[in-house]
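Asks: Could you have a look at this structure, given as structure tokens, before my questions?
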Amino acid sequence: FLNQYTEEEARKLGVVGWVKNTSQGTVTGQVQGPEDKVNAMKSWLSKVGSPSSRIDRTSFSNEKEISKLDFSGFSTRY
């Protein structure tokens, strides 16, 4: 699900953060940026994903306004 497709979409939208596969076969991560761009990324993660992914369910939590970004880019963590 992750790899270059998620990073590419994040860069295209202009959001920062990270994403990572879990041992349970799910994905976790953090996305930061302007609200409209974060919403666009959430929509992409919920409906599109990478070509080989199967999206059963998405859950977004801990949403809040921040005064500055904690990340300078978007990366895949291992």
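The values are calculated or read from the model by the stated rules, or taken from the named source; none is laboratory data. Being a predicted model, the structure only gives us computed values, none of them experimental. All Cβ positions, even for glycine, are placed from backbone atoms using ideal geometry, and neighbour counts span all protein chains on display. Please note that ligands, DNA and RNA were not included when accessible areas were found on the heavy atoms of the full protein model with its side chains. Shrake-Rupley method; radii C 1.70, N 1.55, O 1.52, S 1.80 Å.
Asks: Starting from the range 53-69, take each residue that is closer than 24 Å to Tyr5 by Cα and list its partners that are small (Gly, Ala, Ser), counting only C-beta distances under 8 angstrom and pairs at least six apart or across chains.
Replies: Ile55/Ser46; Ile55/Gly49; Thr58/Ser46; Leu69/Gly33
Asks: Sticking with this one: Can you give me the number of residues within the range 7-30 that are touching a Phe, Trp or Tyr at 6+ places or on another chain (Cβ under 8 Å) and either of a type in the set (Asp, Glu) or within 16 Å of Phe71 (Cα to Cα) (or both)? Don't jump to the end; show me each part of the working.
Replies: Let us first name the residues in the range 7-30 that are touching a Phe, Trp or Tyr at 6+ places or on another chain (Cβ under 8 Å), namely 7, 9-11, 13, 15-21, 27, 29-30.
Narrowing further to those that are either of a type in the set (Asp, Glu) or within 16 Å of Phe71 (Cα to Cα) (or both): 7, 9-11, 13, 15-20, 29-30.
Adding up the residues that qualify gives 13.
Asks: To continue, here is another question. Would you check which residues across the range 5-24 are open to solvent by 50 Å² or more (accessible area, probe 1.4 Å) and in contact (Cβ under 8 Å) with a residue 12 or more places away in the chain and list them?
Replies: Tyr5, Arg11, Lys20, Asn21
Asks: Return yes or no: is Thr28 touching a strand residue (DSSP E or B) at 6+ places or on another chain (Cβ under 7 Å) and at pLDDT below 90? Please lay out each step first, then the result.
Replies: Details: touching a strand residue (DSSP E or B) at 6+ places or on another chain (Cβ under 7 Å): yes; at pLDDT below 90: yes.
Yes.
Asks: Among the numbered criteria (1) open to solvent by 50 Å² or more (accessible area, probe 1.4 Å); (2) in contact with a Gly (Cβ under 6 Å, 6 or more places away or on another chain), which one does Phe74 miss?
Replies: Condition (1) is where Phe74 drops out.
Asks: Would you check which residues across the range 44-64 are among the polar types (S, T, N, Q), open to solvent by 50 Å² or more (accessible area, probe 1.4 Å) and out of contact with any Leu (no Cβ under 8 Å at 6 or more places or on another chain) and list them? Steps first, answer last, please.
Replies: Looking only at the range 44-64, we keep the residues that are among the polar types (S, T, N, Q), and these are 46, 50, 52-53, 58-59, 61-62.
Checking which are open to solvent by 50 Å² or more (accessible area, probe 1.4 Å) leaves us with 52, 58-59, 61-62.
Those that are among the polar types (S, T, N, Q), open to solvent by 50 Å² or more (accessible area, probe 1.4 Å) and out of contact with any Leu (no Cβ under 8 Å at 6 or more places or on another chain): Ser52, Ser59, Ser61, Asn62.
Asks: Limited to the range 5-29, what total is found for residues that are touching a helix residue (DSSP H, G or I) at 6+ places or on another chain (Cβ under 9 Å) and more than 18 Å from Ser46 (Cβ to Cβ)? Break it down into steps so the answer makes sense when it comes.
Replies: Taking the range 5-29 and keeping what is touching a helix residue (DSSP H, G or I) at 6+ places or on another chain (Cβ under 9 Å), we get 6, 9-10, 13-17, 19, 27, 29.
Now restrict to residues that are more than 18 Å from Ser46 (Cβ to Cβ): 14, 16.
The total comes to 2.
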